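Shown next, in C-alpha cells, is the structure this report addresses.
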Amino acid sequence: MTDTVWQIRLNVTGNHDLAGEMLMAATDGETISVTRDHDDQPWDMIIITRQQPDHSRLSVAIDDLEEHFAITASPPAISPVPDIDWLQKNWMDLKPLEIGRFWVYGSHVSDPVPKGKTGIHLDAGLAFGSGNHATTHGCILFLEQVLPPETPYAVADIGAGSGILAIAAAKINPACHIVAVDNDPVAVTVMQENCQRNAVDHVISCGLSDGYQADVIKAKVPFDLILANILPSPLIAMAKDAAAALKPGGKVILSGLNLAHADEVIRAHQQVGLVHLESMPIGDWMTLLMEKPNA
C-alpha cells in the first residue's frame, strides 16, 4: 500500500459495464466513474486506486476486451491525484437504493426509511458491495424468493464484501444462522460494522476465509442456502466446494458474472451434481439459482 492515490483515465466504446468490471480488476480499482454527454460518444472512464497501476495487467485487460468482447479503449492516462478521500466522496454521491423490499442507504442519508420498506444501513468503505451493482440486485431478488421468513435456515455468504447479502438474509428471516466470509481482512471488519449498524450481529458470524476453506465455514456445514456474488473464475473453481457444502435440497445463488459467462458457470456446477433452476438477467449481468437434489 502507498499513500499515493492514482487515477486511470480512458475512453471506452462498447459494453461499459463489462469494461469497467474487467478494468477495475486489472487495476485493483476502488471506485469508478463512467459518464458520457451523448449516446453516440465513447464512455469517459475514471478509475481510482491506491495501488500503482501495473501497465502490463492493464494492457492485457484492454486487449482481452477488444479480442473477446468487441470493446475498444483508448490508451490509458495514468497519474497521481490530490489527497482526497475518493471512496468517501463516491459513497456520499450515492443515493438510497430500492431493491425489492429493501431501502439501502448510507450514513450520509438523513431521510427516513419509506413506509413499507426494510432499511439496510450500509457503509461499504473499502469493501465491495454498495448494493449499486446489478449482480447485488439479482442476488437480493432471488433471496426474497427462496428464503422462508421464519424457518431456521443455515446460510453462508461467500465473498461477502460489505455484508449486504447476509444482512438482507437476516432481515428476511431473523431465525437464520448466517456465516459471512471474505478473503480480505478489511472487508471482514467492514461487514462486522455493518452488521452492528443493522442490529443483526447476533445472527451473523463474520470471518476471514478464502472460499470454503476456513474453520468458520467448515464448522457450520452443511447449509440450506449459499450466496456467492464473486466473479466467474472463482465461482467455477469453487463449484465442487459449493456442492459439498449444501444440504440435499439446498440452494445456491451465484452472481458476479455477465451474460457471456453464465453458461460456463452453470455447466461447472451441473458437473458436480447441482441442478439449474432459474436465471435472472439484469442488463448485461446474470444471477443464477441452482439446487442440490435430494438424495
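Among the residues examined, Asp157 qualifies as among the acidic types (Asp, Glu) and in contact (Cβ under 8 Å) with a residue 40 or more places away in the chain. Taking the stretch 225-238 as the range and being crowded, with 24+ Cβ neighbours inside 10 Å and small (Gly, Ala, Ser) as the test, only Ala228 passes.
Based on this model, can you work out whether Asn183 counts as in contact (Cβ under 8 Å) with a residue 40 or more places away in the chain and within 26 Å of Ile120 (Cβ to Cβ)? Before the answer, list the steps.
Details: in contact (Cβ under 8 Å) with a residue 40 or more places away in the chain: no; within 26 Å of Ile120 (Cβ to Cβ): yes.
Answer is no for this residue.
Looking only at the stretch 245-256, decide whether some residue is β-branched (Val, Ile, Thr), crowded, with 19+ Cβ neighbours inside 10 Å, part of a strand (DSSP E or B) and not assigned by TED's automatic domain parsing to the domain that holds Glu21.
yes
Residues in the stretch 80-118 that are at pLDDT 90 or above and of a type outside the set (Val, Ile, Thr) were compared, and the one that is nearest to Asn198 (Cα to Cα) is Phe102.
Scanning the stretch 211-224 for residues that are modelled with pLDDT under 95, surrounded by 14 or more Cβ atoms within 10 Å (Cβ to Cβ) and charged (D, E, K, R) gives a single hit, Lys220.
Working only within the stretch 160-187, note down all residues that are assigned to a helix (DSSP H, G or I) and modelled with pLDDT of 90 or more.
So the first thing to find is which residues in the stretch 160-187 are assigned to a helix (DSSP H, G or I), and the list is 164-172, 185-187.
The answer is Ile164, Leu165, Ala166, Ile167, Ala168, Ala169, Ala170, Lys171, Ile172.
Taking every residue in the stretch 218-233 that is in a loop (DSSP other than H, G, I, E, B) and pairing it with any residue that is surrounded by fewer than 24 Cβ atoms within 10 Å (Cβ to Cβ) and of a type in the set (Lys, Arg), at least 6 positions away or on another chain, the pairs with Cβ-Cβ distances below 6 Å are Pro222/Lys247.
If you take the residues in the stretch 273-292 that are among the hydrophobic types (A, V, I, L, M, F, W, C) and closer than 18 Å to Ile158 by Cα, which one is surrounded by the fewest Cβ atoms within 10 Å (Cβ to Cβ)? Checking each candidate, the answer is Leu289.
All of (1) of a type in the set (D, E, K, R); (2) outside any strand (DSSP E or B); (3) surrounded by 16 or more Cβ atoms within 10 Å (Cβ to Cβ) hold for Asp263 with one exception: (3). None of Ala199, Ala242, Ala228 is more than 20 Å from the chain's Cα centre (by Cα) and modelled with pLDDT of 95 or more except Ala199.
The values are calculated or read from the model by the stated rules, or taken from the named source; none is laboratory data. In this text the structure is predicted, and so the values were computed from the model without any measurement. Here Cβ is always computed from backbone atoms with ideal geometry, including for glycine, and neighbour counts include all displayed protein chains.
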